[in-house]
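Visitor: Let me begin by handing over the structure; questions about it come next.
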Amino acid sequence: MNQYIKTLVDQGKLDIVLQKNRWKFDQTPYIISGPCSVESEEMIVDWAVKLRDLGVTALRGGAFKPCTYPVKKAIGNWKEGLREDGLKFLISAREESGLPIVSEIMDARQINELSMDAIDVIQVGTRNFQNYSLLDELGKLDKVILLKRGTWGTIDEILGAVERILVGGNSKVAICLRGVVGMPSYRHVFPSTRWAPDLMMIPALKELCEIPIIYDPSHATGYSNFVAPISKAAMALGADGLTIESHPDPVNSISDPDQAVSIDTLGSILKDIYER
Ligand code: PEP
Ligand code: MN
């Protein structure tokens, strides 16, 4: 144990994260995939079955979507997601495919019978990484929490946010790394590369504790061509799994079209991982 970690342990700061978060996903690697947003019932049900047949472990799809420009983005009944309808469509997708559902809760007021029925793994979005009242409520639940790192989050802030959920009594937290604030120097060539992949945090966190780590190459790169190499790197560095945005017609995704991968790309990423 290095001196920094020893000091944190001696001060009792890491104790709870070290002691209480000893769990693993029932399947590893744990591969989550699906569209950024649930777009229609037909789309999510068909896609879920295709993903299951490809070897994906869990289906993702946003019903509540935090949009940077909420007005510009509203299309028909899609207003920052299909919301309650989206949750119902996710339930249909789970019934058809058998895949557990990973989806985001943006606010404690969205914790209710329908959302708890629909969501097996609750995603905390980057923007809510330090929303303490939300984390406190999630600590009271008996559900896996996939806590996405804030784009600004230091290692201490990550551990502190995990601790906040654990102290409520929920001992199943996984961290999702999804890229951080940076100034990618290739942005003028690849405009959708907003974030800098935070790969080193995988071994850094692994050295500190046993929190399962899911890497998100889609948001970290912002660009579908980079999803495969960064997926490979994350798995080689010890990630417990990945969350990859995929879509039947990537360029026409309602949200995050530049980073969504096709079924063929996803298939080759999975082949690579499973044959490793
Ligand atoms: C998402 O996973 O669709 C998402 C909104 O990600 P993030 O919170 O990392 O931006
Ligand atoms: Mn997205």
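The values are calculated or read from the model by the stated rules, or taken from the named source; none is laboratory data. Source: prediction; values computed, not measured. Heads up, the Cβs are rebuilt from the backbone with ideal geometry, glycines too, and the neighbour counts pull from every protein chain shown. Heads up: the accessible areas ignore ligands, DNA and RNA and are worked out on the full protein's heavy atoms, side chains in. Shrake-Rupley method; radii C 1.70, N 1.55, O 1.52, S 1.80 Å.
Visitor: Amide H to amide H under 5 Å from Gly62: which residues, 5+ apart in sequence or cross-chain, H placed 1.01 Å off N in plane?
Guide: Ser37, Val38
Visitor: Relative to the present Cα-Cα distance, how much length would full extension add between Trp23 and Gln130 at 0.36 nm per residue of separation?
Guide: Fully extending the segment from Trp23 to Gln130 adds 36.3 nm.
Visitor: Rounded to two decimals, what is the ratio between the C-alpha radius of gyration of the chain and 2.2 N^0.38 Å?
Guide: Cα Rg divided by the expected 2.2 N^0.38 Å: 0.95.
Visitor: Another one. Which of rounded, prolate, oblate describes region 86-227, given a ≥ b ≥ c as roots of the alpha-carbon gyration tensor eigenvalues and a/c under 1.5 marking rounded, otherwise prolate only if a/b is larger than b/c? It would help to have the intermediate numbers written out before the result.
Guide: Values: a/c = 1.97, a/b = 1.30, b/c = 1.51.
Because a/c hits 1.5 or more and a/b fails to exceed b/c, region 86-227 counts as oblate.
Visitor: Which aspartates and glutamates does Lys143 reach when only Cα atoms under 13 Å apart count, and residues fewer than 8 places away in its own chain are ignored?
Guide: Glu104, Asp117, Asp120
Visitor: Provide Rg over Rh for region 58-120; use the alpha carbon set for both Rg and the Kirkwood Rh (inverse mean inverse pair distance). Walk me through the numbers on the way to the answer.
Guide: On the way: Rg = 11.8 Å, Rh = 12.0 Å.
That ratio is 0.98, to two decimals.
Visitor: Follow-up. Taking H as built 1.01 Å from N, whose amide H comes closer than 5 Å to the amide H of Ile244, not counting residues under 5 places away?
Guide: Ile32, Ser33, Gly34
Visitor: Could you tell me which of Gln123, Val162, His188 has its Cα farthest along the dipole of the chain towards the positive end, charges placed at Cβ (Lys, Arg +1; Asp, Glu -1), taken about the Cα centre?
Guide: Result: His188.
Visitor: Quick query: amide H of Val124 versus all other amide H atoms, modeled in the peptide plane; which residues come in under 5 Å with a sequence gap of 5 or more or a different chain?
Guide: Residues meeting the criterion, in which the H sits 1.01 Å from N, are Leu146, Leu147, Lys148.
Visitor: At R0 = 51 Å, how high is the FRET efficiency between Asp10 and Ala236 if r is their beta carbon distance? Nearest 0.05 is fine.
Guide: For Asp10 and Ala236, the calculated efficiency is 0.95.
Visitor: Just grab the label-to-label distance for Asp249 and Ser171, each label 7 Å out from Cα along the Cβ direction, in nm (one decimal).
Guide: 4.8 nm
Visitor: Sticking with this structure for a sec: Over 21 Å between Cα atoms, which of Lys88/Lys172; Lys24/Lys88; Lys148/Lys172 qualify?
Guide: The pairs that break the limit, which is 21 Å between Cα atoms, are Lys88/Lys172; Lys24/Lys88.
Visitor: Can you give the convex hull volume per residue for the Cα atoms of region 187-276, as a whole number of Å³?
Guide: Roughly 95 Å³ of hull volume per residue.
Visitor: Another question, if that's okay. Quick one: if the Förster radius is 35 Å, what FRET efficiency do Asp156 and Leu114 give, using the C-beta to C-beta distance and rounding to 0.05? Mind showing how you got there, number by number?
Guide: Values: r = 36 Å, r/R0 = 1.02.
That gives a FRET efficiency of 0.45.
Visitor: Using alpha carbon centroids, what distance separates region 214-276 and region 145-193, in Å?
Guide: 17 Å
Visitor: Which shape class, rounded, prolate or oblate, goes with region 138-191 when its Cα gyration tensor gives a ≥ b ≥ c as root eigenvalues, a/c under 1.5 marks rounded, and past that a/b bigger than b/c marks prolate?
Guide: prolate
Visitor: On to the next question. Normalised by the empirical 2.2 N^0.38 Å for globular proteins, what value does the Cα Rg of region 45-163 take?
Guide: Taking N as the residue count of region 45-163, the ratio is 1.10.
Visitor: Do the sum for the chain: with -39,500 (n - 2.57) for every DSSP H run of n ≥ 4, divided by all residues, what is the mean residue ellipticity at 222 nm, to the nearest 500 deg cm²/dmol? Could you put the intermediate results ahead of the total?
Guide: Details: 12 runs with 107 residues, N = 276.
For the chain, the value works out to -11000 deg cm²/dmol.
Visitor: I would also like to ask the following. Could you sort Ile263, Ile44 by their accessible area in this structure, using a 1.4 Å probe and putting the largest first?
Guide: Numbers: Ile263 50, Ile44 0 Å².
Sorted by accessible area, descending: Ile263, Ile44.
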